[in-house]
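Derivation of every value follows stated rules applied to the coordinates shown; laboratory data play no part. This is a predicted model, so every value here is computed, not measured. Because the Cβ atoms are built from the backbone with ideal geometry, glycine has one as well, and the counts that use them run over all protein chains shown.
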Amino acid sequence: MVEITTLYETEHDRLRSYVRRMVRNPHTAEDLVQQAFANLIGRGGKSRPPDAAYVMRAVRNLALNYLRDSRRRAEIETFCATADNIAETKPSPEMVALYRSELRRLLEAITQLPKRRRQAFLLNRIEGLSYNEIADRMKISRNTVITQVVAAMAELDRRLGSE
């Protein structure tokens, strides 16, 4: 975990800039970089320790997947624009029940996070605070905030993905 944290601290800004040029959205770039590191944490020690080149490839692949999926969504949205005038736009009762069930699972998983990790995650992902703002509010270092948020995402991914 220490190696990944050090790698995150040294490569984060460079990776975010690289991805931002690809996807043209700073928020998406930040999410993709964090997702790459969350994936590394989720992988654990299953293979060799990652290096800067490995993380660059991982982030690049996530960005390319995002761009590919964005094009597909745009094609589907264009096709569906005329269908929206015909089809019912409200979700079915079954979909509402499914969404509520998934939301319950997510909220339950969030409440099971350790207190400091949960607080950092909620401040960042729900309230939209920056790492520096969270560090000031929680009276901890920015690097600790980053570590807690990335670890929370990895833990939530693991808990929600395995069920």
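Considering amide H positions built from the backbone, and no H for Pro or chain starts, which residues 5 or more places from L129, or on another chain, come under 5 Å of its amide H?
Correct list: N124.
Would you mind ranking L64, L129 by Cβ crowding within 10 Å, fewest neighbours first?
Details: L64 12, L129 18.
Listing L64, L129 from fewest to most nearby Cβ atoms yields L64, L129.
Fewest to most neighbouring Cβ within 10 Å: what's the order for H12, H27?
Working: H12 17, H27 10.
Ascending number of Cβ neighbours within 10 Å: H27, H12.
Going by a ≥ b ≥ c, the root eigenvalues of the Cα gyration tensor, does region 91-163 fall in the rounded group (a/c under 1.5), the prolate group (a/b larger than b/c) or the oblate group? Each step should come with its number before you reach the end.
Details: a/c = 3.21, a/b = 2.11, b/c = 1.53.
The shape class here is prolate.
For a footprinting-style exposure proxy, rank F37, F121 by other Cβ within 10 Å, fewest first.
Values: F37 27, F121 22.
Final ranking by Cβ density, sparse to dense: F121, F37.
Assign one of three labels to region 3-64, namely rounded, prolate or oblate, based on the Cα gyration tensor with a ≥ b ≥ c the square roots of its eigenvalues; rounded applies when a/c is under 1.5, prolate when it is not and a/b is larger than b/c, and oblate otherwise. Write down the numbers at each step before the final one.
Numbers: a/c = 2.05, a/b = 1.77, b/c = 1.15.
Cα axes put region 3-64 in the prolate bin.
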